[in-house]
1. What order, most packed first, do the peptides 426-439, 168-181, 458-471 have when packing is the mean number of other Cβ atoms within 10 Å of each residue?
2. Please work out how much length the chain gains when fully extended from Arg97 to Asp376, using 0.36 nm per residue of separation minus the C-alpha to C-alpha distance, in nm with one decimal.
3. Need the list of lysines near Lys144 for cross-linking: C-alpha distance under 28 angstrom, and skip anything on the same chain fewer than eight residues off.
4. Roughly speaking, what is the stretch gain from Gln132 to Gln117, that is 0.36 nm per residue apart minus the C-alpha to C-alpha distance, in nm to one decimal?
5. Using alpha carbon centroids, what distance separates segment 90-120 and segment 334-371, in Å?
6. By how many nm would the segment from Ser394 to Ala532 lengthen if fully extended, with 0.36 nm per residue of separation less the alpha-carbon distance?
7. Quick one: 3J(HN,Hα) in Hz for segment 159-169, Karplus 6.51/-1.76/1.60 with θ = phi - 60°, rounded, Gly and Pro as x.
8. What FRET efficiency comes out for the pair Val109/Ala157, r = Cβ-Cβ distance, R0 = 22 Å, nearest 0.05?
Amino acid sequence: MTTADHLDGAGPLRPAQSHPEIIVPGTARIHNRITRGRIAIVALLLVAGFLLIGGRLVQLGQVRLDDTIEGVTRDIIQASRPPIVDRNGIAIAVDIRVPSLYAEPRRIVDVANTAAQLRTVLPDLDEDWLRQRLSGDKGFVWLKRELTPALEDRVMALGLPGIDFIEESKRFYPAGSELAHVIGSVNVDNQGIAGMELAIDRDDLAVLQEVGLARGAELEPKVLSIDTRVQYVMRSELLAALARFRAIAAAGAIVDVKTGEVIAMVSLPDFDPNEPATALKPESFNRITNGTFELGSTFKTITIAAALDSGAVGIDDMIDAREGVRFGRFLLDHGRHEIMSVSDVFRYSDNIGTIRIMETMGKDKLRAFLGTAGFDQRSGIELPERAAPRVPESFSDVAAATASYGYGFAATPMHMLTAVAALMNKGKLVPPTLFRRSAAEAAQLARPIVSSRTSDEMMYLFRMNALLGSGRNMDAEAVGYRTGGKTGTAEKTINGRYSKTKNVTVFTSAFPMEDPRYAMLVMLDEAQAENARSTREAGWNVAVVSGQIIQRIAPMLGILPTTVAGIDDRLMRIGGVPAAGADVTVR
């Protein structure tokens, strides 16, 4: 609050009354000398500080390995890492102390006997390798890291000179694979190599360790935005979906639309961070942030939002989608081939209608909106594993047409989810984060990408699609909750050609639609039809899975079933559906 705010209504501001200044002869010179002396002292302290920092930096640049037992012990102590907890304080990653076996070769009297004795307890150690390690005059060599206390007792019982143990920090992940792609993993030296573990190291942990300030008991926990309860549900439902629809991969994420906090993030296949080698499988990458995909008809959400916000079309405008769109020898004619409203173009996921809407808006405006919605750069999430979208700098006529319904460019699911969250948040985009974030912090970061009215219209389209369109199977699963969403089925590119038998299915959704709080994306790779009555399209698989997830997690998130009668009728009126016989514009 400013001074003016405090004095509002207290009358005009007047200058404060001044008092005569009393000056004693000679005091001005004394005061000046004292001031100059203080400045000199401060300057000397600053210079000394910079010299100390500079010297330390030079020392770090010329560091030499200390292979003494004292040096190695110091390095091990410095390898402590902060605990990582979820938003409710549940431990996700902690340090535990484990014994590791080392030798001081210069103290070993009989190399052959020592090697033979050790192999009675640790037969997996190669004899020739072990003899080589035990020979010489070194002060320290590792023999085997991270043993069990039982093995430590058996080795110590041998009473071998020059053989001993050090307790070092080992990272332990209580939830195993459940948060694999979020948390990442560390190497044998307790250094982050992936996920948030690597992000923490890149932030400030390595500096703290080097200057001796990192101690396991002293490091503040890193609090993530993840809710492990929701994470467990999403992963279990996606695992079930892999089996049910015989897919080769699955992924999903949930964000708080108002704060950008990621509540859950799953990508399957995953790995066990307690066994980092399992992360080396090429298929075990994070599909949410590090995979780029053509997202199919889910992108119609972006195209129609851009057109509505630009004023090129209104939600009650009629679109002439009777004829396919031809570009030279290419004919794009997938659709219902009829005149339909903008809302029906969305509901029926009509490609021809979507192209016509884009053409009315203009391809340059579509391309500009991609930048506004964040598709021109990597996601701002903290994970190191972040792929860049593959979007052309400008669109040709045919490229703009296919892009309008989600083909011809690729983005990560996190890009799509972030944009959808903005459309459900009164048009305000909040960057995604894996750390806790307050509403006040989110408000500082939020930026509008569409108007509040456009956001309301997109909420209407989402809910209408759940009631009447391709999202019906989701709504049927989420009993008692008002959900909304959009399906997308994209053919995969195999050897440079679109496959007719392999696709990626995506469903973006939001809930509760009375006042959306969460946005979710679920994806399956190469899902198969469940039975003869279903298809491989998104409405038959990812929409169903999304509804099942919402049904289980909504109570955890404090969302009560909606019992207000007629709420969908009011939502439809917000959408501005034209009454029968009303005048409409055909475009």
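Coordinate-derived values only; no laboratory data. The shown structure was predicted, so the numbers you read here are calculated from the model rather than taken from an experiment. Cβ atoms come from the backbone with ideal geometry, glycine included; neighbour counts cover every protein chain shown.
1. Packing proxy ranking, top to bottom: 458-471, 168-181, 426-439.
2. Stretched out fully, the Arg97 to Asp376 stretch lengthens by 96.0 nm.
3. Lys170, Lys281
4. 3.9 nm
5. 67 Å
6. 45.4 nm
7. In residue order, the calculated couplings are x, 8, x, x, 10, 7, 10, 10, 7, 10, 7 Hz.
8. 0.75
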